[in-house]
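**Student:** Here it is, the structure, as structure tokens.
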Amino acid sequence: MNSEVSDVLCTSNEPAQQVIKPITLDDVITEISLRRHEFNQRSHVPRDMIEKMKKVGIFRASTPKCFGGNALAPSDFLRIVERVSEADGSAGWVTAFGSANIYLASLPSATQALIYASGPDQVYSGGLYPLQPAREIEGGWEVSGHWRFASGCKGADWIGVGIGGTPANGGGTTAGKPLTAVFPAAEVQIVDNWNVVGMQGTGSHDLKLNQKAVEHAWTFVRGTAATIDEPLFHYPSVSYQAQVHAAVNLGLARAALDLVTAMSGSTKTVTGAPRLGDRAYYRSELGKAEAKLRSARAFFYEAPENVWPSILAGNPVTPEQANLLRLSATHAAHTCADVVLTAYRLAGTAAIFNDNRLQWIMRDSMVVTQHAFLGEATYDSAGALFAGIAPTTPYP
């Protein structure tokens with residue numbers, strides 16, 4: 001792990017010597033707390049912060065071990081995303097992309113070796129939709145188009161874009177599914193247009209390419225089997241992406257409850273009414289919200305922690321297990337958004353001001369529930385599987 005110089009120690013008989021102190025995750029989270037307004041104003045997490053996140057292993061969390069990565073157990077990484085999100089939702093969202101290299105594991109191993117040639121701390125971002133047609137050329141595709149929602153693209157080393165379906169006449173399980181084409185980030189134009197109500201610091205700008213050639217070896221179908229035979233890459237990739245984004249709301253809900261709890265002993269109110277802690281409705285709602293958060297969090301971590309030992313034992317993930325991964329993630333995202341809203345209401349008029357973090361947390365938490373992998377349709381598909389009926393949309 002890389003290190004930073006922290007201080008100098010001196011003795012009476014020896015020259016000054018530098019003491020090297022490794023940067024820690026706690027250090028990174030502290031700095032994120034101090035800089036979250038900057039991220040919001042810039043509309044992205046700047047590269048110097050990304051570099052520090054790399055140093056503590058965030059962006060090698062889903063890099064294969066054979067390329068020097070950590071390939072962490074999913075629940076271990078989810079806890080990192082949750083902790084960072086307590087400090088800032090946008091930084092937590094960008095942290096979540098430390099899991100995105102599981103997609104790259106579907107590329108040929110020789111291609112992956114090129115990606116990790118300069119080290120395991122590679123940041124991958126993507127704007128898959130809307131899918132753009134690509135012209136087939138010798139050995140690959142010619143790609144042009146405009147894509148949206150490329151979160152973290154300004155800090156990325158590699159960027160993927162969606163280029164339409166695999167040939168339907170090719171047969172097999174990938175026929176007709178969208179391809180992702182991967183490019184060095186410097187080759188992709190970023191359209192600086194991320195102007196939203198919540199998650200402003202995620203830098204989810206648009207992308208553009210014009211007649212850019214890509215070889216077949218640099219394309220993959222999202223969700224297909226990895227070419228790397230390590231436990232993490234047998235974990236359902238789409239389920240994992242739902243989980244890492246839901247973990248952001250776990251952190252935001254914890255931060256919101258801590259903030260409104262800290263307000264309970266205030267003796268000053270605008271109207272002269274009793275302090276919050278003396279009000280029955282406040283105590284009751286605070287208790288309910290705490291129970292909701294802790295219950296959702298328990299289910300959220302229970303699902304991956306039940307699946308992981310089975311994967312380590314060499315067993316394939318069952319549809320029933322994958323269903324619980326998706327369901328627990330969606331439940332956590334929406335329940336935690338409700339918890340944040342409760343905290344906002346309990347705070348009263350204090351929460352409406354721009355310098356009160358609660359209104360900021362509320363907006364961020366609503367964005368999490370809008371993610372495609374965490375939509376209300378998950379409940380329909382989950383219920384269908386419980387009832388022994390085929391889901392109406394691809395799932396899980």
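The values are calculated or read from the model by the stated rules, or taken from the named source; none is laboratory data. Given the structure is predicted, the values throughout are model-derived calculations rather than measurements. We place every Cβ from the backbone using ideal geometry, glycine too, and count neighbours over all the protein chains shown.
Quick grid of which residues meet (1) out of contact with any Asp or Glu (no Cβ under 8 Å at 6 or more places or on another chain); (2) over 29 Å from residue 193 (Cβ atoms); (3) surrounded by 13 or more Cβ atoms within 10 Å (Cβ to Cβ); (4) of a type in the set (S, T, N, Q):
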| position | (1), (2), (3), (4) |
| --- | --- |
| 19 | no, yes, no, no |
| 22 | no, yes, no, no |
| 26 | yes, yes, no, no |
| 42 | yes, no, yes, no |
| 50 | yes, no, yes, no |
| 59 | no, no, yes, no |
| 67 | yes, yes, yes, no |
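**Student:** Could you say whether any residue in the stretch 210-233 is within 23 Å of residue 45 (Cβ to Cβ) and basic (Lys, Arg)? Let's see the steps before the verdict.
**Tutor:** Going through the stretch 210-233, the residues within 23 Å of residue 45 (Cβ to Cβ) turn out to be none.
No, the stretch 210-233 contains no residue that is within 23 Å of residue 45 (Cβ to Cβ) and basic (Lys, Arg).
**Student:** Considering 253, 289, which residue is in a helix (DSSP H, G or I), under 27 Å from residue 371 (Cα atoms) and under 19 Å from the mean Cα position of the chain (by Cα)? Break it down stepwise before answering.
**Tutor:** Details: 289 fails: under 19 Å from the mean Cα position of the chain (by Cα).
Being in a helix (DSSP H, G or I), under 27 Å from residue 371 (Cα atoms) and under 19 Å from the mean Cα position of the chain (by Cα) holds for just one of 253, 289, which is 253.
**Student:** Just wondering, is there one or more residues in the stretch 103-121 that are under 27 Å from residue 198 (Cα atoms), over 19 Å from the mean Cα position of the chain (by Cα) and surrounded by fewer than 24 Cβ atoms within 10 Å (Cβ to Cβ)?
**Tutor:** From the stretch 103-121, those under 27 Å from residue 198 (Cα atoms) are 103; that's our starting set.
If we keep only those that are over 19 Å from the mean Cα position of the chain (by Cα) as well, we get none.
No, because not a single residue in the stretch 103-121 is under 27 Å from residue 198 (Cα atoms), over 19 Å from the mean Cα position of the chain (by Cα) and surrounded by fewer than 24 Cβ atoms within 10 Å (Cβ to Cβ).
**Student:** Select from the stretch 130-162 the residues that are surrounded by fewer than 16 Cβ atoms within 10 Å (Cβ to Cβ), farther than 25 Å from residue 114 by Cα and modelled with pLDDT of 95 or more and list them in ascending order.
**Tutor:** 146, 148
**Student:** Also: When you go through 83, 42, 60 one by one, which is the residue that is more than 20 Å from residue 247 (Cβ to Cβ) and basic (Lys, Arg)? First the steps, then the outcome.
**Tutor:** Details: 83 fails: more than 20 Å from residue 247 (Cβ to Cβ); 60 fails: more than 20 Å from residue 247 (Cβ to Cβ).
When all the criteria are applied, what remains is 42.
**Student:** Where residues in the stretch 214-250 are closer than 19 Å to residue 130 by Cα, of a type in the set (A, V, I, L, M) and not in a helix (DSSP H, G or I), which of them is modelled with the highest pLDDT? Show your work before the answer.
**Tutor:** At the first step, the residues of the stretch 214-250 found to be closer than 19 Å to residue 130 by Cα are 214, 219-223, 238, 241.
Checking the rest, the ones that are also of a type in the set (A, V, I, L, M) come to 214, 221, 238.
After this cut, where a residue has to be not in a helix (DSSP H, G or I) as well, the list is 214, 221.
Values: 214: 97, 221: 91.
By that ranking, first place goes to 214.
**Student:** Oh, and also: Filter the stretch 36-55 for residues that are aliphatic (A, V, I, L, M) and in a helix (DSSP H, G or I) and give the result.
**Tutor:** Step one: list which residues in the stretch 36-55 are aliphatic (A, V, I, L, M), which gives 45, 49-50, 53.
Scanning the stretch 36-55 gives 49, 50, 53.
**Student:** Assess whether residue 47 counts as being under 27 Å from residue 358 (Cβ atoms), modelled with pLDDT of 95 or more and not aliphatic (A, V, I, L, M).
**Tutor:** On the way: under 27 Å from residue 358 (Cβ atoms): no; modelled with pLDDT of 95 or more: yes; not aliphatic (A, V, I, L, M): yes.
Here the answer is no, as residue 47 does not meet what is asked.
**Student:** Let me ask another. If residue 121 satisfies all but one of (1) farther than 28 Å from residue 46 by Cβ; (2) among the acidic types (Asp, Glu); (3) touching a residue at least 60 places away in the same chain (Cβ under 8 Å), what's the number of the condition it fails?
**Tutor:** So the condition that residue 121 fails would be (1).
**Student:** Still on this structure, I have one more. What is the residue count in the stretch 188-221 for residues that are surrounded by 19 or more Cβ atoms within 10 Å (Cβ to Cβ), of a type outside the set (Val, Ile, Thr) and closer than 26 Å to residue 110 by Cα?
**Tutor:** Looking only at that region, the number is 3.
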